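Undergrad: Before I ask anything, let me first share the structure, which is written out below as structure tokens.
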Amino acid sequence: MTDQFRPYSGIRILDMTHDLGRYATRLFADLGAEVIRIEPPGGLPDRVRDTAARPGGAEAFAFFNASKQSLVLDLAGNEGRARLADLAREAQIVVMERGGPLGAAEIPWLRELNPTSVIAFVSPYGLGGPLEDAPASDLTLQAAGGIAWMTGRGDEPPLRLPGGQSAMVCSVYAGAVIAVSLMDAETRGRGHIIDISAQECIAHSLQNALQVWDLERRVSHRAGEGTRDASENIYACRDGHVFLASPPTTGVSWKSLLAWMGEVEHPSFDLFSDEKWLSRPYRSTPEARAEFHPIFEAFTQGFTRKELVDNALKRRIVMAPVARLRDVLDDEQLVWRDYFVPMGEGGARFPGAPYKLSEPVWSVSPAPALGQHTI
């Protein structure tokens, strides 16, 4: 692929991230930036952590560090530090993370080397304050940022979202602010120092929870701000689960659902024909939800997910399959769009570009071996 359409071609990024910021640098690498992982002799923490003998570890490392380079420098010695200084003078962006080879105390040194560069420091709680050095994990960050409180059923305890979401959210915000800062640095010839807190990134992504508190002094709850209809739930079927949201207020969805039950002469039709199921106040009660679930699940258990969803689409019923990881890999829509790309040994498939543009701006290459680009 030529670099003429790749927006970050010619941009050099020194990458010292290993968790909260490594997806951000990967996004720039896929778009043409030269992203160089600056690794100590034993490798950055994620190289050891992810490639240890645990399920999915090696795949996670390969995904988050694809398209990057690896340069081993011993920053405890003068030679390694001098080599880093040479690279920093020519780099437009430096991304650091707490627990990496350079701490926040080195930011002034890097700024002096290249006053027009963008220097970003990623950490769990930001620089300064009582939690600057506090231990952190995906669980504690989701809790401290509020997303765990907003996740799960209203009458049950908070939940941690799966898949390391604190790192993903932090990286997306980091990528956005670095891109904006780079544009300003190129336009005005001035550098930026960015302090990125994963907790604050999460807190900013809680839909309208902050606005609800600011305007109404109410704490948002994971049950949602509106009235949850009795139909809104996940139901078992012959080969998995489906999600339904079919209150009478959503157009033809509820009427079509009843008509379908009547066509197949299922007992649920008679039970749901009771006028109480047209009452919004009743359908929002815990009693209605408890009653609705077994009645509707008796209906769904007679069908496969595909049968349910195909009928729902045809009848304009708000229903969707609940996908497992294997289902996502084989999803016919994603397969048609060639979303997953083979990468690395064994032809393992990884998620492709999170966007499609008219020009060929995106490409990916395997994650580097330790010191692969050391000269």
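The values are calculated or read from the model by the stated rules, or taken from the named source; none is laboratory data. The shown structure was predicted, so the numbers you read here are calculated from the model rather than taken from an experiment. Neighbour counts are summed over all protein chains in view; Cβ atoms, including those assigned to glycine, are modelled from backbone coordinates with ideal geometry. Ligands, DNA and RNA are excluded from the accessible area calculation, which covers all protein heavy atoms including side chains. Shrake-Rupley method; radii C 1.70, N 1.55, O 1.52, S 1.80 Å.
Undergrad: Could you check, for segment 279-294, whether at least one of its residues is touching a Gly at 6+ places or on another chain (Cβ under 8 Å), open to solvent by less than 60 Å² (accessible area, probe 1.4 Å) and at pLDDT 90 or above?
TA: Looking for residues that are touching a Gly at 6+ places or on another chain (Cβ under 8 Å), open to solvent by less than 60 Å² (accessible area, probe 1.4 Å) and at pLDDT 90 or above, one finds none in segment 279-294, hence no.
Undergrad: Can you name every residue in segment 102-119 that is open to solvent by 40 Å² or more (accessible area, probe 1.4 Å) and touching a Lys or Arg at 6+ places or on another chain (Cβ under 6 Å)?
TA: none
Undergrad: Residue pairs, Cβ under 6 Å, 6 or more apart or interchain, first in segment 252-275 and at negative phi and open to solvent by 30 Å² or more (accessible area, probe 1.4 Å), second among the small types (Gly, Ala, Ser) and assigned to a helix (DSSP H, G or I). List them.
TA: Once the first residue is at negative phi and open to solvent by 30 Å² or more (accessible area, probe 1.4 Å) and sits in segment 252-275, its partners that are among the small types (Gly, Ala, Ser) and assigned to a helix (DSSP H, G or I) give PHE269/GLY262.
Undergrad: Just to be sure I understand the filter: pairs with C-beta atoms under 6 Å, separated by 6 or more residues or on different chains, first member in segment 152-177 and part of a loop (DSSP other than H, G, I, E, B), second member open to solvent by less than 30 Å² (accessible area, probe 1.4 Å) and among the β-branched types (Val, Ile, Thr). Which pairs pass?
TA: LEU159/THR151; LEU161/THR151
Undergrad: Another question, then. Looking at segment 178-198, which of its residues are open to solvent by 50 Å² or more (accessible area, probe 1.4 Å) and in a helix (DSSP H, G or I)?
TA: Selection gives VAL180, MET183, GLU186, THR187, ARG188.
Undergrad: So, one more: Answer yes or no: is there a residue in segment 84-91 that is more than 16 Å from THR17 (Cβ to Cβ), touching a Leu at 6+ places or on another chain (Cβ under 8 Å) and exposed (fewer than 14 other Cβ atoms within 10 Å of the Cβ).
TA: Within segment 84-91, one or more residues are more than 16 Å from THR17 (Cβ to Cβ), touching a Leu at 6+ places or on another chain (Cβ under 8 Å) and exposed (fewer than 14 other Cβ atoms within 10 Å of the Cβ).
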